[in-house]
Amino acid sequence: MNRRESLARGAPPAAADTLHARSAAGEVTAAPVPGRVVCFGRAPGCPGRDLYVGGDDRRVSRRQGDLTYHHGHWWLRNTGLRPLRIPYGELLAPRAAPLPLPSGYTPLFVQGLGHREYLIELHVTDPARCPGNPPRGRPALDDDERLLLVVLGQRYLRHESDPRPFPSRKALQQLRFLRPETDWESPGIERRVAQIGARLNADEAVPLHALLRELVDATDLVPPDLALLDRELDG
């Protein structure tokens with residue numbers, strides 16, 4: 001999964017209720033045919049409709065879950081041994097009743113070893129929905145700015161319930177580890193964020209919470225950007 005490509009920004013044109021599913025290892029598109037199943041996990045076992053996730057992480061089940069189309073919806077089921085995390089901090093426990101996917105975008109997080117989570121992006125086509133807002137044409141983020149905002153906004157990108165910015169002290173520690181060649185203390189996290197906010201919002205002062213909400217809602221930051229934090233998890 002290319003971090004710059006995200007189903008949060010929309011999916012290719014398709015018939016109503018078409019399922020688009022994407023992980024770091026690949027992607028699957030499935031038409032809304034009653035009884036059709038899309039499986040995901042380390043070795044899902046649905047030839048032609050497999051979505052691999054988790055690599056060699058044994059905490060991820062070979063068949064972690066599946067999505068089945070019936071009664072006009074795609075239904076998400078957890079067939080693995082660990083909970084699946086869905087938006088707003090909710091968990092789908094193993095063997096729990098399947099959940100219907102809403103139209104549009106849903107990020108799904110598969111729990112792995114330790115604190116590692118693997119992202120699956122899901123998008124159900126709804127042609128009746130109004131198209132998203134066009135890009136605003138504002139300046140792009142450079143690599144250091146993006147990493148800084150992903151670290152500070154990781155709870156927003158994980159679609160947690162009532163997210164708040166990552167604490168500055170912990171953010172500084174994480175930034176030093178992830179990109180030690182950058183001097184994060186000059187001019188400092190707060191000053192850097194203020195400069196980014198002013199540049200993106202015509203010199204208006206924007207609180208950090210509002211800035212992160214805006215960047216996620218506008219898909220300037222998307223869940224695949226969380227891959228920038230992988231080095232810490234690998235270390």
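Calculation over all alpha carbon pairs of region 1-95 in 5 angstrom steps from 0 returns a P(r) of 3, 13, 21, 25, 24, 12, 3, 0 percent.
Pairs of Cα atoms in the chain fall into 5 Å distance bins, from 0 up to the last occupied one, in shares of 1, 6, 13, 17, 18, 15, 12, 8, 6, 3, 1, 0 percent. Classification of region 143-234 by its C-alpha gyration tensor yields an oblate form. The axis ratio a/c (a ≥ b ≥ c) is 1.5 or more, and b/c is at least a/b.
Within region 74-119, report the trypsin sites (Lys or Arg not before Pro) that DSSP leaves as loop and that have at most 10 other Cβ atoms within 10 Å. Answer by residue number: Arg95.
Take every pair of alpha-carbon atoms less than 8 Å apart whose residues are at least six positions apart; their mean separation over the length of the chain yields a relative contact order of 18 percent. Mean-square fluctuations from a GNM of the chain, with a 10 angstrom spring cutoff on Cα atoms, peak among Glu27, Glu121, Glu190 at Glu190.
Let a ≥ b ≥ c be the square roots of the eigenvalues of the Cα gyration tensor of region 67-197; is it rounded (a/c under 1.5), or, if not, prolate (a/b larger than b/c) or oblate? Oblate, because a/c is 1.5 or more while a/b does not exceed b/c.
Helix 168-178 and the longest principal axis of the C-alpha atoms of the chain enclose an angle of approximately 70°. Each Lys and Arg adds +1 at its Cβ and each Asp and Glu adds -1 at its Cβ; summed about the Cα centre, the chain shows a dipole of about 720 debye. Take every Cα pair under 8 Å whose residues are at least 6 apart in sequence, average their separation, divide by the length of region 143-234, and the relative contact order is 35 percent. Extension gain, Asp162 to Arg199, is 10.7 nm, computed as 0.36 nm per intervening residue step minus the present C-alpha separation. Short-range pairs are left out: with C-alpha atoms under 8 Å and at least six residues apart, the relative contact order of region 7-124 is 26 percent.
No lab work stands behind these numbers, since they all come straight from the coordinates. Keep in mind that what you see is a predicted model, and the values were worked out from it rather than measured. Note that we place each Cβ from the backbone using ideal geometry, even for glycine, and neighbour counts take in every protein chain shown.
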